[in-house]
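Trainee: Starting off with a structure, shown below.
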Amino acid sequence: MKHNPIQINRNTYDHIASHFARTTAWMDADFIARAKHFIQQLPPQTTLLDLGCGPGRDLSWFTQQGIDAIGADLSYGMLKEAQQAGISNLCQMEMRHLPFADHSFSGVWCNAALIHIPKGDIPTTLAEIRRVLLPGGRFCVSIQQGSGEKIERHSLLGNRRFLARYALEEMREYITQAGFVVCSQEAYEFRRKWLWFECEVGA
């Protein structure tokens with residue numbers, strides 16, 4: 001790819017972090033229901049990784065539910081927004097290369113973040129997520145539904161972002177090839193079309 005999509009996304013989200021935090025602060029009832037179902041499947045004394053945590057909305061909610069959660073994001077600007085909201089347990093990293101030991105987490109939550117990884121890097125990224133999960137650990141991911149991958153302009157702010165979109169069976173195949181069992185899947189709409197997968201580390 002001619003341009004570095006990871007660097008483009010880092011720069012863009014650093015720049016739009018405050019706008020993003022304001023415009024994505026609300027969690028609708030269906031979203032909360034999915035999150036509740038996810039944490040109900042986790043064992044007691046769980047440690048959860050919110051991968052691509054952005055300004056920390058989901059991370060804050062998990063903490064309020066009594067979950068020991070760590071937030072990770074590529075963008076320093078996003079993490080700064082989370083810090084300003086009083087959120088701790090944050091680290092800056094690339095999800096393709098997770099600096100955690102094997103079997104560090106009971107669950108990994110990845111909401112609207114995997115869409116920023118080039119499709120050629122998805123197998124490696126999913127392998128990293130599986131590596132840091134405990135046996136039987138849970139992985140929840142949401143991605144935009146569609147096809148292809150490209151660098152495009154943000155509809156309101158004009159900043160460039162790299163986005164990859166998936167058909168349901170396309171993403172399901174990536175997930176199962178990485179060694180996960182898909183426990184549930186759903187196509188839904190919230191401002192745009194999304195796919196939702198809840199998975200478990202396979203034997």
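Each value in this text was obtained by applying a stated rule to the coordinates, not by laboratory testing. Values in this document were obtained by computation on a predicted structure and should not be read as measured data. All Cβ positions, glycine included, derive from the backbone under ideal geometry; neighbour counts span all protein chains shown.
Trainee: Does Arg153 satisfy the criteria of being touching a Ser or Thr at 6+ places or on another chain (Cβ under 7 Å) and over 22 Å from His37 (Cβ atoms)?
Mentor: No.
Trainee: For segment 130-156, enumerate the residues that are in contact with a Phe, Trp or Tyr (Cβ under 9 Å, 6 or more places away or on another chain) and of a type outside the set (A, V, I, L, M, F, W, C).
Mentor: Within segment 130-156, Arg130, Arg131, Gly137, Arg138, Ser142, Gln144, Gln145, Gly146, Ser147, Glu149, Lys150, Glu152 meet the criteria.
Let's see how each residue does on (1) more than 23 Å from Thr63 (Cα to Cα); (2) β-branched (Val, Ile, Thr); (3) out of contact with any helix residue (DSSP H, G or I) (no Cβ under 6 Å at 6 or more places or on another chain):
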site	(1), (2), (3)
Trp109	no, no, yes
Ile115	yes, yes, yes
Glu128	yes, no, yes
Val132	no, yes, yes
Gly146	yes, no, yes
Arg161	yes, no, no
Arg165	yes, no, yes
Ile175	yes, yes, yes
Phe180	yes, no, yes
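Trainee: Looking at Ile143, Ile151, Ile175, Ile129, can you tell me which residue is of a type in the set (A, V, I, L, M, F, W, C), outside any strand (DSSP E or B) and under 19 Å from Ile6 (Cα atoms)?
Mentor: Exactly one residue qualifies, and that residue is Ile129.
Trainee: Can you pull out the residues in segment 185-203 that are closer than 21 Å to Gly137 by Cβ, within 17 Å of the chain's Cα centre (by Cα) and not hydrophobic (A, V, I, L, M, F, W, C)?
Mentor: Matches in segment 185-203: Gln185, Glu186, Glu198, Glu200.
Trainee: Among the residues of segment 46-64, which ones are touching a residue at least 40 places away in the same chain (Cβ under 8 Å) and more than 15 Å from the chain's Cα centre (by Cα)?
Mentor: Thr46, Thr47
Trainee: Here's a follow-up. When residues of segment 102-127 are filtered for being surrounded by fewer than 21 Cβ atoms within 10 Å (Cβ to Cβ) and either over 21 Å from Phe162 (Cβ atoms) or free of Cβ contacts under 8 Å to residues at least 40 places away in the same chain (or both), how many remain?
Mentor: 6
Trainee: Something else about it: With (1) among the basic types (Lys, Arg); (2) surrounded by 17 or more Cβ atoms within 10 Å (Cβ to Cβ); (3) more than 16 Å from the chain's Cα centre (by Cα) as the list, and Arg165 as the residue in question, which single condition is left unmet?
Mentor: Of the numbered conditions (1) among the basic types (Lys, Arg); (2) surrounded by 17 or more Cβ atoms within 10 Å (Cβ to Cβ); (3) more than 16 Å from the chain's Cα centre (by Cα), the odd one out for Arg165 is (3).
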